[in-house]
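To start, the structure under review is shown below, and the notes come after it.
The values are calculated or read from the model by the stated rules, or taken from the named source; none is laboratory data. In this text, all values refer to a predicted model and were calculated from it rather than measured experimentally. Here the Cβ positions follow ideal geometry from the backbone for every residue, glycine too, while neighbour counts run over all protein chains shown.
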Amino acid sequence: MRRLFIILVFAILCFGQATTADAQCKQQLVYQCATQTEKAIFLRDFNTKLKRESPSDETGMKFTVVLNKGTQYRFSLCAPDGYQEQVVLTLYDSAHPENSNPLGTTFNKADKTDAKSFDFICQKTAMYYVSIRFKPGMGDKKGCAVGILSFVGKSK
Amino acid sequence: MHKKWYISLIVAATAMMQFSCGGCGGDDGHLEYHEEEGMVTDVNFDSQAMNEIISSFSSPVEMAAMIQSSEVPFSPKYLINPDVVKDYTTSFKKALGLGFLSADLGYLNVYSKTSLIIDYLVQIRSISEDLKVGQFFDFQLLKRLATSDDNIDSLLIMSTQSYQKMDEHLRNNQRSNLSALLVTGVWVESLYLITQVAKDQYSEDFKDRIGEQKTILNQLLPILKMFHGKDFEHLVQYMEELKDVFDFVKISYEVGEPETKTINGSLVVIQNDRSIITMSKEELQEIITTTEKIRNKLIAL
């Protein structure tokens, strides 16, 4: 009976680890990320699973979002400890592709610096894309990250 | 003794399963659910593409945030009486009604009108339970947050997230018809809010924001046409009426590359692609009148 108990506990722990490692971020991180943006109104979150099986894999997720003309938006990125330097949030559209010429990103490839957020002053109502991925060459483990879209104000 | 251990293990395992699925987006809580006859979808559509479009539509808070940032005073006259949804008997009406109430809840949240919020929370809970998405709407928590002005930011975040989770769950569980109705309800009510504000207090900003909705309507309408049934046919008919008045709006585009600047220590990207809205005051008036008519018809559908 004791052996059965140990096996069951082990099985439960393995099950728990497998599901959480492959899941989106926990609500607590989403909430923390949403509340750290001062003077901006929360609009939605982009909760992302990150997993790279091989170096050539495309990781993360892509989301579609309609942004409206005359609005200043804020895109913020949060990740659990140990992952902050590994992830990147990118805003792009069909004329400004994700990998070559995006509209905005939290990672500056030129000087290799990260920003926790960036604002986007939208001048054209249209559908845009937001991706959250591991940076190239990073992400040897499964993880998660959260993007937050907030309304900063009107802009002309 | 052994029996006690066994029971403890079952409880632990159940808790672990629930905990590990806490952030699983739409994959959790799979429920059997039967839609009314007639709410079936066209078999020849790309459901992933459709879901991408539906998921892109604006948050129930955004139009209200835009109105508030224009320093327009709060007015309860724009809002739906939340009790109206008590008479909704079908999933179709409930999903549309959930969208209407979510947009109004966003408006109340943005203006911190906590005293009025409870009535909306009560009806949203009721509809969301009927639609089997009540598990994403923590009524007790939201009610507690609504009883104090200090928690208004948390209330806005939690209620907006509840809306987002309900919508995701519907899309991820082959109930995109209800998700489409939810976003349609939000969009129509948001359009109604901004048009009513523009009627009372004209500005070029409001005119532009209303005119730009032509772009959204042109994406939403083809989605609604993918679903069959009498209710959807009526809805499409109403939305076509709205499209007719939006067809007068002309949108032209200027192309430009974005600029990135650092302003007060923050990274700011300024888009230089630009859309230009051309619409007369008479055409705007036509949109305001038609939006009011269609919105009221949909409430009474």
Quiz prompt | Single condition B:ALA198 does not satisfy, out of (1) in contact (Cβ under 8 Å) with a residue 24 or more places away in the chain; (2) over 24 Å from B:LYS77 (Cβ atoms); (3) within 21 Å of the chain's Cα centre (by Cα) | solution = (2)
Practice problem: Return a yes/no flag: does segment A:32-53 have any residue that is more than 10 Å from chain B (Cβ to nearest Cβ), assigned to a loop (DSSP other than H, G, I, E, B), surrounded by 16 or more Cβ atoms within 10 Å (Cβ to Cβ) and touching a Gly at 6+ places or on another chain (Cβ under 7 Å). | Solution: yes
Self-check item: Search result, residues across segment A:83-106 that are among the small types (Gly, Ala, Ser) and either in contact with a strand residue (DSSP E or B) (Cβ under 8 Å, 6 or more places away or on another chain) or surrounded by 14 or more Cβ atoms within 10 Å (Cβ to Cβ) (or both)
Solution: A:GLY104
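Restricting attention to helices (runs of 4 or more DSSP H) lying wholly within segment B:148-213, give those where 2 or more residues are within 16 Å of B:GLU62 (Cβ to Cβ) and among the aliphatic types (A, V, I, L, M).
Where helices (runs of 4 or more DSSP H) fall fully within segment B:148-213 and carry at least 2 residues being within 16 Å of B:GLU62 (Cβ to Cβ) and among the aliphatic types (A, V, I, L, M), they are B:152-172, B:176-200.
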Quiz item: Hey, B:VAL269 hits all of (1) part of a helix (DSSP H, G or I); (2) surrounded by 20 or more Cβ atoms within 10 Å (Cβ to Cβ); (3) not aromatic (Phe, Trp, Tyr) but one; which does it fall short on?
Solution: (1)
Quiz prompt | Residue selected from segment B:173-222 under the condition more than 11 Å from chain A (Cβ to nearest Cβ) and touching a Gly at 6+ places or on another chain (Cβ under 8 Å), by the criterion farthest from A:TYR128 (Cα to Cα) | solution = B:ASN173
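Among B:SER203, B:SER148, B:SER154, B:SER179, which is of a type in the set (Gly, Ala, Ser) and crowded, with 22+ Cβ neighbours inside 10 Å? Please lay out each step first, then the result.
Numbers: B:SER203 fails: crowded, with 22+ Cβ neighbours inside 10 Å; B:SER148 fails: crowded, with 22+ Cβ neighbours inside 10 Å; B:SER154 fails: crowded, with 22+ Cβ neighbours inside 10 Å.
After ruling out the rest, the residue left standing is B:SER179.
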Quiz prompt | Residue count for segment B:51-89, restricted to those that are hydroxyl-bearing (Ser, Thr, Tyr) and more than 14 Å from every other protein chain (Cβ to nearest Cβ) | solution = 4
Practice problem: Pick out the one residue from B:ILE251, B:ILE263 that is at pLDDT below 95 and either surrounded by fewer than 16 Cβ atoms within 10 Å (Cβ to Cβ) or within 9 Å of another protein chain (Cβ to nearest Cβ) (or both). | Solution: B:ILE263
